[in-house]
Amino acid sequence: MKKIALVATDVALPGERGLPRLHYLAEMLCRYGYYVDLITSNFQHWTKELRTEESIKKSRELSHCNIAIVTQPGYKKNVELKRVISYRIYAKHVKEYLENNDYDLVY
């Protein structure tokens, strides 16, 4: 079975508002027999809030693919230095996650 990692900071998980396109793609790949890790952050970008453990658990229960959450500090404004720092920390954590897992395809 091929193992695929889909990485995005701004994915809407099941039960959240936002753009669910990447989760839809992950679900479709799972239906075709691929093992999919949907890698995203604990920060919900549309609400500018950290996801709760309860909301993450609920999203995982509603999804057929594996949802991997990496930590990312939040930010309040779209244009501010905290956002740049937040994305750098997210990228570092995603890199570490990918180095510790083996994938046939990373998107």
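If R0 is 25 Å, what FRET efficiency do you get for LYS95 and TYR32 from their C-beta distance, rounded to 0.05?
My answer for the efficiency is 0.35.
Per residue, how many Å² of accessible area does the chain show with a 1.4 Å probe?
Value returned for the chain: 64 Å² of accessible area per residue.
If you consider only alpha-carbon coordinates, what radius of gyration and Dmax does the range 38-94 have, in Å?
Here Rg and the maximum Cα pair distance are 12.0, 36 Å.
Using modelled amide H (1.01 Å from N, peptide plane; none on Pro or chain starts), what sits under 5 Å from the amide H of GLU49, excluding residues fewer than 5 places away?
Hits under the 5 Å cutoff: GLN44.
Can you put VAL70, VAL106 in order of accessible area, largest first, using a 1.4 Å probe?
Result, largest first: VAL106, VAL70.
Report the residues of the range 74-97 in range of a label on ASN66: point 7 Å along Cα→C-beta, backbone N strictly under 16 Å from it.
Within reach of a label on ASN66, which here means backbone N under 16 Å from a point 7 Å along Cα→Cβ, the range 74-97 contributes 94-97.
Quick one: what Rg and Dmax do you get for the chain from the alpha carbons, in Å?
Just the Cα atoms of the chain yield Rg and Dmax of 13.6, 42 Å.
Roll a 1.4 angstrom probe over the protein heavy atoms and tell me the percent of accessible area of the chain that is carbon or sulfur.
55 percent
In nm, to one decimal, how far is the GLU54 label point from the VAL79 one, both placed 7 Å along Cα→Cβ?
If labels sit at GLU54 and VAL79, their model points lie 3.7 nm apart.
Give the long-range amide H neighbours of VAL36: residues separated by 5 or more places, or on another chain, with amide H under 5 Å away, using H modelled in the peptide plane at 1.01 Å from N.
ILE4, ASN66
The values are calculated or read from the model by the stated rules, or taken from the named source; none is laboratory data. Owing to the predicted nature of the structure, the values given are computational and were not obtained by experimental measurement. In this analysis, Cβ positions are derived from the backbone assuming ideal geometry, glycine residues included, and neighbour counts consider all displayed protein chains. To get the accessible areas, we keep the full protein, side chains included, count just its heavy atoms, and leave off ligands, DNA and RNA. Shrake-Rupley method; radii C 1.70, N 1.55, O 1.52, S 1.80 Å.
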